[in-house]
Amino acid sequence: MDGYGPVWYCRGGIANILSLAKVRDMHRVTFDSNNGNEFLVHKSDGQVRRFKQSRRGLYYMDTAESLTGVALVDTVAENKAKYTNADYLRAVLARSIQKRIGRPSLRKFL
């Protein structure tokens, strides 16, 4: 990830988690619990990334707010278009089975 370094990335995931300690090592981070209860990551190019607290307590960056005009992930439609309909339906079925049998690791499931 530019400006952060190597990260574990889940293409199909809805979120990716960053270590606050590692972010702090690379950028100035400020936090004010009285003013919005959010972390601000101050990048060297002057940009600021805002991480708000969710209702469940985790902090997240709303990319629609913070990165206007930048696409970070492929859409489901773009990913689906890479495969035949039959292949896509088999993949959906496989994930459904994986969930039903207790979500074994991908290696064990395969």
Residues satisfying the stated conditions in the stretch 21-39, i.e. within 16 Å of the chain's Cα centre (by Cα) and either assigned to a strand (DSSP E or B) or without any contact (Cβ under 8 Å) to a residue 12 or more places away in the chain (or both): none
Residue check, LYS108 modelled with pLDDT under 90, assigned to a helix (DSSP H, G or I) and basic (Lys, Arg): no
Please enumerate the residues belonging to the stretch 41-58 that are over 15 Å from TYR4 (Cα atoms) and surrounded by 13 or more Cβ atoms within 10 Å (Cβ to Cβ). ARG50, PHE51, LYS52, GLN53
Determine which single condition GLY3 fails, assuming it passes every other condition in (1) surrounded by 10 or more Cβ atoms within 10 Å (Cβ to Cβ); (2) at pLDDT below 85; (3) assigned by TED's automatic domain parsing to the domain that holds LEU106. (3)
Please find, within the stretch 40-77, the residue that is modelled with the lowest pLDDT out of those that are among the β-branched types (Val, Ile, Thr), under 20 Å from GLY12 (Cα atoms) and assigned to a loop (DSSP other than H, G, I, E, B). VAL70
Residues being modelled with pLDDT of 90 or more and either among the small types (Gly, Ala, Ser) or surrounded by 12 or more Cβ atoms within 10 Å (Cβ to Cβ) (or both): count how many of those fall in the stretch 28-38. 4
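The values are calculated or read from the model by the stated rules, or taken from the named source; none is laboratory data. These numbers come from a predicted model, not from an experiment. Positions of Cβ are generated from backbone atoms using ideal geometry, with glycine treated the same way; all protein chains shown enter the neighbour counts.
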